[in-house]
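So the structure is just underneath, and the comments pick up after that.
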Amino acid sequence: MFGRRRRPLMRAAVVGGVAYHAGKRGQQSREEDYDRDARIAELEAQQAAQPAPAPAAAPQTDMVEQLQKLAALKDQGILTQAEFDAQKAKLLAGVS
C-alpha cells in the first residue's frame, strides 16, 4: 500500500522541484535583462549629455581665406604693400 502511494508523492515532489527551479531561472534571466537594459539606458544618457566637440578646423580655414583675400586685393592694386602687411599682422595676431 505505501509503495503505490509513495510514487505519486515522489513524482509530485520532483515535478514541483523542477517547476520551482525553472521559475527561479526565468526570474534570474528577467533580472539580468532588466539590469542590462538599465545599464544601456544609463550609458546612452551619459553619451547624450556629453557636448559635441567644437570644430577646430574652421578658424584656420577662415584665416587662410582672409589672407588670400588680402593678397588678391594687394595684387589688384587696391591695397599697398604696407596696408597688406598691417592687415596681415592684425589677422595673424588674432585681432579682427
Practice item. Compare the peptides 24-37, 77-90 by average per-residue count of other Cβ atoms within 10 angstrom and give them in order, highest first. Key: 77-90, 24-37
**Study point:** Cα pair count fraction exceeding 17 Å, expressed as % - segment 1-50
**Key:** 61
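Every number here is computed from the coordinates shown, using simple stated rules; none is lab data. Note that the structure is a prediction, hence the values are computed from the model and not measured. FYI the Cβ positions are ideal-geometry reconstructions off the backbone, even for glycines, and counts take in every protein chain you see.
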